[in-house]
Each structure stands twice: as structure tokens, then as C-alpha cells.
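Every number here is computed from the coordinates shown, using simple stated rules; none is lab data. Please read all numbers here as calculations on a predicted model, not as lab measurements. Here the Cβ positions follow ideal geometry from the backbone for every residue, glycine too, while neighbour counts run over all protein chains shown.
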Amino acid sequence: MNNTLEFDELCDNILDINNNIQSVSIINKHGRPVERKTSDECSSQVTEQKIEMFFMQCVLTISMGRDFDTEFGEIGYVHVDRRNLSMFSFPVFDHIVLVTSKAAMSPITLAKKISTTIKKYKNSQHVGIHSLGEDTLSESPRQEMIQITST
């Protein structure tokens with residue numbers, strides 16, 4: 001997951017799911033946005049510094065949750081419900097897709113739709129990995145991603 005065009009397309013596909021989605025951000029493991037898209041109606045009243053802190057919080061939450069993958073299984077997504085906003089964090093390879101929406105949304109329905117869109121993206125990335133040929137791949141999926149992003 002390292003192609004700006006693919007990030008752009010994923011963000012657009014998620015924004016198109018529902019008009020109540022306000023923003024989609026793809027965050028790297030250091031809490032930095034790699035891609036960020038907002039809907040036309042969304043006007044942020046939050047400073048850039050607070051947004052960066054918010055991204056770091058999302059990364060930390062997912063990272064700490066991964067410590068329990070063996071015991072409880074992998075994280076599908078993390079949902080935070082606030083009075084004015086719902087936030088969803090989805091781990092995707094070594095990035096996090098952060099989606100914000102108006103609080104009036106049904107969170108489970110929206111999360112399922114976003115998950116479906118992300119799964120389609122992951123499957124298309126998986127096909128890209130296998131199209132490189134068996135001899136260029138290593139045993140570990142994480143190593144495969146490193147090989148792909150370095151070419």
C-alpha cells in the first residue's frame with residue numbers, strides 16, 4: 001500500500017459510500033497522513049496540530065490492540081462514538097484508514113460497508129502481490145509488502 005493513486009481511489013470509494021461520511025485519511029505507522037480527503041460539506045474547526053495528535057492516538061490504539069491479536073484475533077476496526085462525530089479506524093497492511101462521519105449514522109451498518117470496500121482494495125493488492133511471480137516473494141506477508149514497496 002504505497003501508491004498515491006491507489007490511496008486516492010480508496011479514499012474516493014469510501015467517501016462515496018454515504019453522504020454522512022466527512023473525511024477519509026490513510027495514516028502511516030508513525031501517525032502521519034499519507035492521503036486525506038474530505039467531503040465538500042466538511043469544514044474542520046480543528047487545528048492541524050490537534051489533527052496530528054488525533055492521528056497519533058489512532059495509530060497508538062491500533063498498535064496496542066495488535067498486542068492481543070494472538071489471544072483475541074486481529075482487529076477488524078475500532079469505533080469511537082462522540083456526540084458530534086463517529087470515527088472508525090481500520091488497520092490495512094501497515095497503515096490505518098481513518099473514517100469520520102456525522103454521529104447520526106448507524107455505526108455498524110457503516111462499518112460493514114467500509115469494511116467491504118477495504119476488503120476489495122486488499123484483494124486487489126493481494127492480486128498485485130501474486131502477479132510478481134512466486135520466485136520474487138518471501139515467506140512472510142510483511143516481507144512481501146517490503147519487497148513490493150521497494151521496487
Environment charge of residue 75, counting only residues whose C-beta is closer than 11 Å and scoring Lys/Arg +1, Asp/Glu -1: -2
Residue 92 long-range amide H proximity, modeled H, under 5 Å: 97
Around residue 5: net Lys/Arg minus Asp/Glu count, Cβ-Cβ under 14 Å: -4
In range of the label at residue 20: residues from the range 77-105 whose backbone nitrogen is under 17 Å from the point 7 Å along Cα→Cβ: 79-89, 99-105
Label point distance in nm, residue 6-residue 81, each placed 7 Å from Cα along Cα→Cβ: 3.4 nm
Inter-label distance, nm, simple model (7 Å from Cα along the C-beta direction), residue 123/residue 102: 3.1 nm
Packing-based ranking, highest mean first, of 87-95, 108-116 given that Cβ atoms within 10 Å are counted: 87-95, 108-116
Karplus-derived 3J(HN,Hα), 6.51/-1.76/1.60, for each residue of the range 60-74, Hz, glycine and proline x: 5, 4, 5, 4, 5, x, 5, 4, 10, 4, 5, 6, 10, x, 5
Phi to ³J(HN,Hα) by Karplus 6.51 cos²θ - 1.76 cosθ + 1.60 over the range 98-103, Hz, x for Gly, Pro: 10, 10, 10, 9, 4, 5
Cut-off under 5 Å, modelled amide H: who pairs with residue 35 long-range: 26
Overall Cα dimensions of the range 1-120, principal axis frame, Å, largest first: 41, 30, 29
Net charge of Cβ neighbours under 14 Å - reference residue 111; Lys, Arg +1; Asp, Glu -1: +2
